Amino acid sequence: MKSYIKFLGTSAADFKLLRATDCADRFDKNARRASCMMIGESILIDCGMHVLDSIRIARIDTSKITDVFVTHFHADHFNREHLEAIAEGKPNPVRLWCRQDTAFESFKNVEIIRMEEGVYYHVSKDINAMSVYANHEDSAFPNHFLFNVNGKKVLYATDGAWMLARTHQILKKKNIDIYVADATCGDYEGDYRFAEHNSIPMLRLMIPSLKTAGIIHDNTQILLTHIAPSLHKPHDEIQSSVEADGMTVAYDGMIIEL
Ligand SMILES: [Zn+2]
Ligand SMILES: [Zn+2]
């Protein structure tokens, strides 16, 4: 079977514009849920406050989820009860993958794997994964994940602004095929969040440098996620403003074949 990634949520933490009442049972490009993504049917990246709704809408069989990668421990990316609900009743514990220095207590039916920075871990027959540090609030143990899925490299890089020097050292010449980028802030300058989140102008500056460093290549798919509804225009308008820059705005329910 062909591998794929599937976005279950593409929003930042400002849900006040989420019209939960008129999209309770469907995805809507302008009513995004908290950022999370599946790789195939067994790997979930992040499990924040909306994850169970997203799983229900996408008709995902939770019994097949074996691994949960947590980018960091902010509430829009991690919810203890939801993690334990996904793990409940499984014959084997769900594996929770996180940054090497993460400190927290244990969870029911969950095996915690603290990943050494910059080292590929074998996840399943076709998938390896690596943790790299992210530029985001340190107390949330932020990291990005580089997945190698059947030879295709997918970097899941939210939350976090720019790229840390140590992460650049690890990722240079990796020639990533799919770069999922933090695009919290919209197409304007001067936002105060520049030290923890990207804006569209920041991404425009970064992309040529990422190519120079060999982190991405000319045909890399650049997918924007963690879109803050209050800082962005409607989906179609964002998409037309970034199209010429070779970027695609992800949306809840979007599937990309690998
Ligand atoms: Zn977030
Ligand atoms: Zn965060």
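FYI, it's all coordinate maths here, none of it is from the lab. Small disclaimer: the values here were computed from a predicted structure and weren't measured. All Cβ positions, even for glycine, are placed from backbone atoms using ideal geometry, and neighbour counts span all protein chains on display.
Taking each residue of region 125-149 that is under 13 Å from Val70 (Cα atoms) and of a type outside the set (Ser, Thr, Tyr) and looking for partners that are away from ligand 2 (no atom under 16 Å from the Cβ) and not in a strand (DSSP E or B) with beta-carbon atoms closer than 6 Å, six or more apart or interchain, yields Met130/Tyr120; Val132/Thr167; Val132/Ile170.
Could you pull out the residue among Ile238, Ile200, Ile222 that is closer than 21 Å to Arg32 by Cα, away from ligand 1 (no atom under 15 Å from the Cβ) and touching a Cys at 6+ places or on another chain (Cβ under 8 Å)? Testing whether each residue is closer than 21 Å to Arg32 by Cα, away from ligand 1 (no atom under 15 Å from the Cβ) and touching a Cys at 6+ places or on another chain (Cβ under 8 Å) leaves just Ile200.
Restrict the check to region 4-19 and report whether at least one residue is more than 16 Å from ligand 2 (Cβ to nearest atom) and either of a type in the set (S, T, N, Q) or assigned to a loop (DSSP other than H, G, I, E, B) (or both). Before you say what the answer is, go through the steps one by one.
Within region 4-19, the subset more than 16 Å from ligand 2 (Cβ to nearest atom) is 4-8, 16-19.
Of the ones still in play, those that are also either of a type in the set (S, T, N, Q) or assigned to a loop (DSSP other than H, G, I, E, B) (or both) are 18-19.
The answer is yes, given that some residue of region 4-19 is more than 16 Å from ligand 2 (Cβ to nearest atom) and either of a type in the set (S, T, N, Q) or assigned to a loop (DSSP other than H, G, I, E, B) (or both).
So Asn79 clears everything in (1) touching a helix residue (DSSP H, G or I) at 6+ places or on another chain (Cβ under 9 Å); (2) more than 16 Å from ligand 2 (Cβ to nearest atom); (3) under 23 Å from Phe15 (Cβ atoms) except one condition, right? Which one? Answer for Asn79: the failing condition is (2). Considered as a group, the residues in region 76-129 that are surrounded by 14 or more Cβ atoms within 10 Å (Cβ to Cβ) and of a type in the set (S, T, N, Q) include one that is nearest to Ile55 (Cα to Cα), and that residue is Asn79. Here region 45-59 is the region considered, the condition is being touching a residue at least 40 places away in the same chain (Cβ under 8 Å) and either more than 16 Å from ligand 1 (Cβ to nearest atom) or more than 18 Å from Ala31 (Cα to Cα) (or both), and the residue that is surrounded by the fewest Cβ atoms within 10 Å (Cβ to Cβ) is Ala58. The single condition among (1) away from ligand 2 (no atom under 16 Å from the Cβ); (2) touching a Phe, Trp or Tyr at 6+ places or on another chain (Cβ under 6 Å); (3) within 21 Å of Ser124 (Cβ to Cβ) that Arg99 does not meet is (1). Scan region 173-225 for residues that are of a type in the set (Val, Ile, Thr) and in a helix (DSSP H, G or I) and jot them down. Hits for region 173-225 are Ile200, Ile207, Thr212.
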